[in-house]
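One structure is given here, and the rest of the page talks about it.
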Amino acid sequence: MVRPYRKTSAPGGPWYEFYGTVCPICGHTGMCMIHEDGNRLICCRVASDIEWAKNSALPGWLHFLKGKKVQFNLEDIDTTEDNPKKADGELNRTYQALISELKMTKEHLLHLVGPTRQLTPNQILFRKYRSFPEQPWKVAKKVISRLGKPDDLIGVPGFYMKDGKHGKYMMIKGNKNSFLIPFRNERNQIVGFQYRVDKVHNKAITKQKDDKFSAFIKKQPNHVLVTYEGEIIFEGKIPINSNWKNIEYEGELVGSVKIKKGNRYMWLSSANEEGGTGAGPLPVHVSIPSDQLRNWKTGTLLQKDTVWLTEGPLKADIASDLLPILFKEDEMDSLGDTVLSIPGVNSWRIILPILEKMGVKRVIYAFDMDAIVNEDVKRNILESVQELKDRDYTIDVAMWDQSEGKGIDDILLKEIVPEVKRVYPPKV
């Protein structure tokens, strides 16, 4: 069962994310948060007169509900406190030990070398992709033996304490049917992971008057069970990503249910677990060609005049390997082969300190060509362009025919070279 809310570590709270239920302002799940008092919320999609955390990775706007208080039961929310996330050097130390204890399954290897990704075994080796372990508790124990003591894993997203027959033990939270994609920072330190699940699981999201109403998927992909005060009031299939289905009880509308397609990519996180830590602040992934990565000494600051900007670490890795192959050598002197990947377009602000550290002068936007259709995405892209312009960056955009491929990796794998167009030149 998907919980309607989950506790966050956002300042000024407690704040609870609309996880399995929708934000009453924008109508979406995820990111937006309600305060414990139920009278105010932070919406990350719809603006108000009051900006909230403007310069953070996930800014939003404060909304007062004015008599439309959201009612929820705190007893249904896991309120376990997260541990502070460790510094990059300590994260890298732990994650490198984790990688040393993991392997790639045949199925995941075939996926990465297959026609969709077209990676070589050397690329997979240098990038350090790994399958999530079948027995994560055993791997956690081996990581501890490499590092020293269980406390070394506290503050590292993904690791947490679990109760067992013989006491507490360290565990890794994630999906066994998935593979891990490392996030590297500008000093080649592994500071986080996303994992790609083999099979997407959909979830039932709800709109309801109170916490007596709940829904969950009894059988994937869309067979739903709905209860009110613990009594089953509906069971059946609901079309995926369709309109809301209204549910009545004793002739009265008590809530609505919608089936939302699950995520393919998840953050390695142990938020809301004992001894656990959330993935945030979310990292930027810095990708360079595999042959360069092999010789990049950990701790050495990468400095580049030009970077490409996209969303998704695997996409960035594939693109950075293909750019120097498809563009002419004299073009690469200008375009570069470094690709930065952000967790989402709305988190663009987290690249600003990275660009400054790396000494970047030019940014080439390479987001999916269908991104501009989404108004929220469009707004974030335009805001980021304006900010980079104000900071005197040269701004270009990579363009291609959307029918040829959705993302920059798709077209490069087809040996299609994108057209790079100037948006703003540098100030003189």
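For region 164-276, the Kirkwood estimate of the hydrodynamic radius, built from every pair of different alpha carbons, is 16.9 Å. Please state the shape class of region 210-320: rounded when a/c is under 1.5, otherwise prolate if a/b exceeds b/c and oblate if not, all from the C-alpha gyration tensor. The shape class here is prolate. Averaging Cα coordinates gives a centre for region 300-330 and one for region 357-391; these two points are 16 Å apart. When you filter the trypsin sites (Lys or Arg not before Pro) in region 19-60 for DSSP loop state and at most 12 other Cβ atoms inside 10 Å of their Cβ, you are left with 54. For the chain, averaging the sequence separation of C-alpha pairs within contact (under 8 Å, six or more residues apart) and dividing by the residue count gives a relative contact order of 13 percent.
For region 301-349, GluC sites (Glu not before Pro) meeting the loop criterion (DSSP other than H, G, I, E, B) and having at most 13 other Cβ atoms within 10 Å: none. For region 136-145, the Karplus equation 6.51 cos²θ - 1.76 cosθ + 1.60, evaluated at θ = phi - 60°, returns couplings of x, 5, 5, 5, 4, 5, 5, 5, 4, 5 Hz by residue, with Gly and Pro reported as x. Can you give me the long-range amide H partners of residue 202? Hydrogens built in the peptide plane at 1.01 Å from N, cutoff under 5 Å, separation of 5 or more residues or another chain. Answer set, sorted by chain and number: 262.
Over 23 Å apart at the Cα level, from the set 218/245; 66/207; 389/414; 68/212, are 389/414. Of the residues 25, 197, 171, the one whose Cα sits farthest towards the positive end of the charge dipole of the chain is 171 (charges of +1 on Lys and Arg Cβ, -1 on Asp and Glu Cβ, taken about the Cα centre). Restricting the calculation to Cα atoms, region 252-400 yields a radius of gyration followed by a Dmax of 18.0, 70 Å. Computed from phi, the 3J(HN,Hα) profile of region 306-322 under the Karplus parametrisation 6.51, -1.76, 1.60 (θ = phi - 60°) reads 10, 9, 9, 10, 8, 10, x, x, 5, 4, 5, 4, 5, 5, 5, 6, 8 Hz, with x in place of Gly and Pro. How much of the accessible area of region 237-341, probe 1.4 Å, is carbon plus sulfur, in whole percent? Ligands and nucleic acids excluded, carbon and sulfur give 44 percent.
Per residue, the accessible area of region 231-361 comes to 46 Å², computed with a 1.4 Å probe over protein heavy atoms only. For the pair residue 266 and residue 220, a Förster radius of 22 Å applied to the C-beta separation gives a FRET efficiency near 0.85, rounded to the nearest 0.05. Surface exposure of region 105-201, expressed per residue as accessible area with a 1.4 Å probe, stands at 49 Å².
Applying the Karplus relation 6.51 cos²θ - 1.76 cosθ + 1.60 with θ = phi - 60° to region 33-46 yields 3J(HN,Hα) values of 9, 10, 6, 4, 6, x, 9, 9, 9, 9, 9, 8, 10, 10 Hz, where x marks Gly and Pro. In region 333-383, with Lys and Arg counted as +1 and Asp and Glu as -1 at Cβ, which of these residues, 351, 381, 339, has the Cα nearest the positive end of the dipole, that is, farthest along it? Positive-end residue among those listed: 351. For a paramagnetic label modelled on residue 373 (point 7 Å from Cα along Cα→Cβ), amide N atoms under 19 Å away are absent within region 179-202.
Listed cross-link partners 7/260; 54/260; 103/165 are compared with a 26 Å cut-off, the Cα-Cα value being larger for 54/260; 103/165. Sorted on the mean count of surrounding Cβ atoms within 10 Å across their residues, most packed first, peptides 103-113, 268-278 read 268-278, 103-113.
Here the dipole of the chain is about 980 debye; that uses its Cα centre as origin and unit charges on the Cβ of Lys and Arg (positive) and Asp and Glu (negative). The overall shape of region 101-232 is oblate: from the C-alpha gyration tensor, with semi-axes ordered a ≥ b ≥ c, the ratio a/c is 1.5 or greater and a/b is no larger than b/c. Counting only Cβ charges, +1 for Lys and Arg and -1 for Asp and Glu, the dipole size of region 93-239 around its Cα centre is about 540 debye. Restricting the GluC sites (Glu not before Pro) of region 158-251 to loop positions (DSSP other than H, G, I, E, B) with no more than 14 neighbouring Cβ atoms within 10 Å leaves 229, 250. Report in % the part of the accessible area of region 1-63 that belongs to carbon and sulfur, leaving out ligands and nucleic acids; probe 1.4 Å. Carbon and sulfur: 50 percent of the exposed surface of region 1-63. Summed over qualifying helices (DSSP H, 4 residues or more, each -39500 (n - 2.57)) and divided by its residue number, the chain shows a 222 nm mean residue ellipticity of -6500 deg cm²/dmol. When a/c is below 1.5 the answer is rounded, else prolate if a/b is larger than b/c, else oblate, so apply that to region 131-202 with a ≥ b ≥ c taken from the square roots of the Cα gyration tensor eigenvalues. Oblate is the answer for region 131-202, as a/c is 1.5 or above yet b/c matches or exceeds a/b.
All distinct Cα pairs of region 315-428 go into the 1/r average, and the inverse of that average, the Kirkwood radius, is 14.7 Å.
For residue 249, the amide hydrogen comes within under 5 Å of the amide hydrogens of 254, counting only partners 5 or more places away or on other chains and with H modelled in the peptide plane.
Amide H contacts for residue 338 (H built 1.01 Å from N in the peptide plane; partners 5 or more residues away or on another chain; cut-off under 5 Å): 308.
In plain terms, if you count all Cα to Cα distances in the chain and split them into 20 Å steps from zero, the share in each step is 23, 56, 20, 1 percent. Packing order of peptides 150-160, 394-404, highest average first: 150-160, 394-404 (average count of other Cβ atoms within 10 Å over each peptide's residues).
Dipole check for region 293-428: with +1 at the C-beta of Lys and Arg, -1 at the C-beta of Asp and Glu, and the Cα centre as origin, the magnitude is about 560 Debye.
The values are calculated or read from the model by the stated rules, or taken from the named source; none is laboratory data. Since this is a predicted model, take the numbers as computed values, not measurements. Cβ coordinates were reconstructed from backbone atoms using ideal geometry, including for glycine residues, and neighbour counts include every protein chain displayed. Side chains are part of the model used for accessible areas, which takes the heavy atoms of the whole protein and leaves out ligands, DNA and RNA. Shrake-Rupley method; radii C 1.70, N 1.55, O 1.52, S 1.80 Å.
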